[in-house]
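> Right, I'll just put the structure down here and ask away after.
The values are calculated or read from the model by the stated rules, or taken from the named source; none is laboratory data. All values derive from a computational prediction rather than experimental measurement. Cβ sites come from the backbone with ideal geometry, for glycine too, and all protein chains shown count toward neighbours. In case anyone asks, the SASA skips ligands and DNA or RNA and just uses the protein heavy atoms, side chains included. Shrake-Rupley method; radii C 1.70, N 1.55, O 1.52, S 1.80 Å.
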Amino acid sequence: MRTYEAHLAAVEAAFPTPRVVTLPLTQAVGLAIADTLTAQWDMPRFPNSQMDGYALPHAQGGTFTVGKTIAAGVDAPALTDNVAVPIMTGARVPENTAAIVPVEHSQPEHFANEGEEVQVPACSKGQFIREQGSDIKQGTVLIEKGARLNPAAIGTLAAQGLKEVEIQAPARILILTGGSEIGGDGPAQIPDSNGPLLAALCKDYGIEVAGFLRTNDDPEVLRRDVEQAIAEHRPDAIVSAGGISHGKFEVVRQVFNEHGWFGHVAQQPGGPQGLSSYLGVPVIALPGNPVSTLVSFRLYVAPILGTVPKPYLSHVTAAVEGLEGKEQFRRAVLYHDSAGIPRAQLVGGAGSHLLAQAIEANGLVRIPADSRLNAGDDVEVHPF
């Protein structure tokens, strides 16, 4: 029986380094960056004004002669004594500027003409000046390798002068679900929840769905369908749900067992697992109970083929006992309390069929085998 770490390492070893492609920034949102990027420029690149107001040579207030207006994008000369210069938001702050006072705080409460006088109140030194590098300094890491590019990251890269970026090409997978009992209209038939579930998980973790396959209980039909789908879609992987345990109709195991490993991982839910290859395409075979599918995808598919938040330590909010000889991955609501301390509140039961009880969960809590945890104890959590 494998451990969680051993099976995760085996899945990771089945995949080569992700393909790297170059895309325009506007097409890279949600994708994983191929390498760590550092800032080539301070942000802001120069000190600039946070307000439409007057740039002042000192902060003591008083009456000033109005100088020439500084618009955004204009490089102005240094300030001189007793001259207040109208400056627009985002404009480069001239040398010798002590502070900026919003125009509405002055008298008159609108911009006076050049050469006229304006009265401004005293203020704190440095008021409303955005200092150079106050967002990020040149040479500082902007984005770590493998991080997904959110809209703020795209904007930051654009502010650094980039128009395109190297990203890890999203993995393309075939989703394989079914069994003769799945999707029919009879009274003992079961709707296919795993197909939509896996597709939704792919979307969450930046994985592309190349196509869907449905199994019945005939291994020869499955072989034919898989071969046709591989030829048509050229996927990076096949991810299946169900058909891998020890029943009479475990068609996924029958077809893929020859070139892989099918066995158990010492965990609940998601004990049965499989890892194989078919016509050179890696196959990650997940158990079919829906919570087992959900948990197994998060643990073994998303970290390898997609992008996931890193695990961290949290405090469990209630006492819980671990299972004998098996780790548990329980669904939980992860949050930070008013003091900023991470908390993990278990939700729903432990059964692998209790999918509706997982709706509010936003992560997994890893409960060690043979453990007794009290409220407040540290636990490893895996955010969704």
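> Computed FRET efficiency, Cβ-Cβ of K125 and Q40, R0 25 Å: what is it to the nearest 0.05?
0.25
> 7 Å from Cα along Cα→Cβ at both V333 and K163: what's the point-to-point distance in nm?
Between V333 and K163, the label points sit 4.9 nm apart.
> Can you compute the helix-only [θ] at 222 nm over the chain? Use -39500 (n - 2.57) per DSSP H run of at least 4 residues, normalise by all residues, nearest 500 deg cm²/dmol.
For the chain, the value works out to -4500 deg cm²/dmol.
> What percent does the relative contact order of the chain come to when contacts are Cα pairs within less than 8 Å and at least six residues apart?
It comes to 15 percent, rounded to a whole number.
> For region 234-384, compute the orientation-averaged projected area of the C-alpha convex hull (one quarter of its surface), in nm².
The number I arrive at for region 234-384 is 9.7 nm².
> Quick check: from the Cα gyration tensor, does region 48-130 come out rounded (a/c under 1.5), prolate or oblate?
The shape class here is rounded.
> Given points 7 Å out from each Cα along the Cα-Cβ axis, report the A200 to Q50 separation in nanometres with one decimal.
For the pair A200/Q50, the computed spacing is 4.2 nm.
> Based on the mean of other Cβ atoms within 10 Å per residue, sort peptides 110-119, 76-85 so the most packed one is first.
Ranked by mean Cβ neighbours within 10 Å, highest first: 76-85, 110-119.
> I'd like the antiparallel share, as a percent to the nearest 5, of DSSP beta bridges with both residues in region 205-342.
If we restrict to bridges inside region 205-342, about 65 percent are antiparallel.
> If packing is taken as the average number of other Cβ atoms within 10 Å across a peptide's residues, how do 273-284, 367-378 rank, most packed first?
273-284, 367-378
> Return the carbon/sulfur percentage of the accessible area of region 328-384, one whole number, probe 1.4 Å, all protein chains in place.
49 percent
> With a 1.4 Å probe and every protein chain kept in, tell me what percent of the accessible surface of region 48-130 is carbon plus sulfur.
Summing carbon and sulfur atoms, their accessible area is 46 percent of the total for region 48-130.
> For the chain, modelled as a GNM with alpha-carbon contacts under 10 angstrom, which of E95, E220, E164 fluctuates the most?
E95
> In terms of the Cα gyration tensor, with a ≥ b ≥ c the square roots of its eigenvalues, is region 312-383 rounded because a/c is under 1.5, prolate because a/b exceeds b/c, or oblate?
Oblate, because a/c is 1.5 or more while a/b does not exceed b/c.
> Rounded to whole Å, give me the distance from the Cα center of region 218-294 to that of region 60-102.
69 Å
> So what is the accessible area of the chain per residue, in Å², with the probe set to 1.4 Å?
Per residue, the chain has 49 Å² of solvent-accessible surface.
> I'd like the antiparallel share, as a percent to the nearest 5, of DSSP beta bridges with both residues in region 312-383.
In region 312-383, DSSP labels about 90 percent of beta bridges as antiparallel.
> Starting with the highest mean, order 290-303, 323-336 by the number of other Cβ atoms within 10 Å, averaged over the residues of each peptide.
Per-residue Cβ counts within 10 Å, averaged per peptide and sorted highest first, yield 290-303, 323-336.
> Considering every pair of different Cα atoms, what Kirkwood radius, in Å, is found for the chain?
Taking the inverse mean of 1/r over all distinct Cα pairs, the chain comes out at 25.0 Å.
> Which percent of the accessible area of region 214-268 is formed by carbon and sulfur heavy atoms (probe 1.4 angstrom)?
44 percent
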